[in-house]
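Accompanying notes for the structure given below.
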Amino acid sequence: MADIMKWCQEGGRAFWEYVEKCEGKEIWDFMRIVWHTMCEAVERGLDAEGVLPGPLGIARKATVYYVKAQGYKSNLQSRGLVYAYALAVSEENASGGIIVTAPTCGSCGVMPAVLYHLYKNHAFSEQRILHALATAGLIGNIVKHNASISGADVGCQGEVGVACAMASAAACQLFGGSPAQIEYAAEMGLEHHLGMTCDPVCGLVQIPCIERNAFAAARALDSNLYAAFSDGQHRVSFDRVVRVMKQTGHDIPSLYKETSEGGLAKL
């Protein structure tokens, strides 16, 4: 991240321009497919009802949250809609629907929830959304290259934690954040998920995974807001948090990494 930020600052360029430089202009056609797939997953999930597959007998909640959110005043409605969008996509994943691994299946609800909400409620253009997606992808790839996005390797901090960092960066960019502020937002999104275990009940990506996506989407918006109030200067860099996340993940006992044998899974 430090090297990429230096490149951005020296030329007055944005993170998404770095992605375009590395991947070529054809990346935007792929980003558009990713974005449309995310939107379709949200919309299918909001329209679906019934019980999720598996022995837990969990009823879908996205539709209920979406309907209830409409009855609140704007600030609570906004948060309720973000929850609904995250639940919608996570429930689609749990029922075998088509989703985007952002960065994984288990954390697929965070990015769509944040971006769909900002697209619908703040009138950002599709092109700006695609640029934000590219920046989010860059964040995810930095973590994947230097640490891990696998729950089996580093626990849920590598899945939902990284998804939150990606969504935090995307939101900050959309609201006009500088590269330093975007980096700060991403750092907070990951930092405050350090040590999170991966211990789903019955080994299904349902409890606590679905709820966890909704909370991470809300935290991503908070990270953006916190970074926006700052000048982007802070002590702990994103690169350092990635290193700490990797070490923390390797220190977590295997019982708490993508198993149904410890922690919450023993309920």
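What to note about this one:
- Some residue of region 108-129 being among the aliphatic types (A, V, I, L, M), under 15 Å from Phe15 (Cβ atoms), open to solvent by less than 20 Å² (accessible area, probe 1.4 Å) and modelled with pLDDT of 95 or more: yes
- Criterion (farther than 23 Å from Leu174 by Cβ, β-branched (Val, Ile, Thr) and at pLDDT 95 or above) met by exactly one of Val42, Val51: Val51
- When each of Val110, Val154, Val162, Val143 is tested for being within 19 Å of Val241 (Cβ to Cβ) and in contact with a strand residue (DSSP E or B) (Cβ under 9 Å, 6 or more places away or on another chain), the lone residue that passes is Val154.
- Taken across region 61-69, residues that are open to solvent by 50 Å² or more (accessible area, probe 1.4 Å), at pLDDT below 95 and not basic (Lys, Arg) do not occur at all.
- Here Glu91 fulfils each of the conditions (1) buried (at least 24 other Cβ atoms within 10 Å of the Cβ); (2) touching a strand residue (DSSP E or B) at 6+ places or on another chain (Cβ under 9 Å); (3) of a type in the set (D, E, K, R) apart from (2).
- Filter result for Leu52 (within 30 Å of Gly203 (Cα to Cα), crowded, with 19+ Cβ neighbours inside 10 Å and not β-branched (Val, Ile, Thr)): yes
- There is at least one residue in region 127-138 that is in contact with a helix residue (DSSP H, G or I) (Cβ under 6 Å, 6 or more places away or on another chain), more than 28 Å from Ala48 (Cβ to Cβ) and of a type in the set (Gly, Ala, Ser).
- When region 132-156 is filtered for residues that are touching a residue at least 40 places away in the same chain (Cβ under 8 Å), open to solvent by less than 30 Å² (accessible area, probe 1.4 Å) and in a helix (DSSP H, G or I), the ones remaining, listed by number, are Ala132, Leu133, Ala134, Thr135, Gly137, Leu138, Ile139, Ile142, Val143, Gly151, Val154, Cys156.
Here's the yes/no breakdown for (1) hydrophobic (A, V, I, L, M, F, W, C); (2) under 20 Å from Ile182 (Cα atoms):
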position	(1), (2)
Asn75	no, no
Leu81	yes, no
Ser90	no, no
Gly96	no, no
Thr101	no, no
Thr104	no, no
Leu115	yes, yes
Leu130	yes, yes
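- Within region 227-243, residues that are at negative phi have Cβ atoms under 7 Å from residues that are open to solvent by 40 Å² or more (accessible area, probe 1.4 Å) and not in a helix (DSSP H, G or I) in these pairs: Ala228/Phe175, counting only partners at least 6 apart in sequence or on another chain.
The values are calculated or read from the model by the stated rules, or taken from the named source; none is laboratory data. What you see is a predicted model; the values in this text were computed from it and never measured. FYI the Cβ positions are ideal-geometry reconstructions off the backbone, even for glycines, and counts take in every protein chain you see. SASA here: full protein model, heavy atoms, side chains in, ligands and nucleic acids out. Shrake-Rupley method; radii C 1.70, N 1.55, O 1.52, S 1.80 Å.
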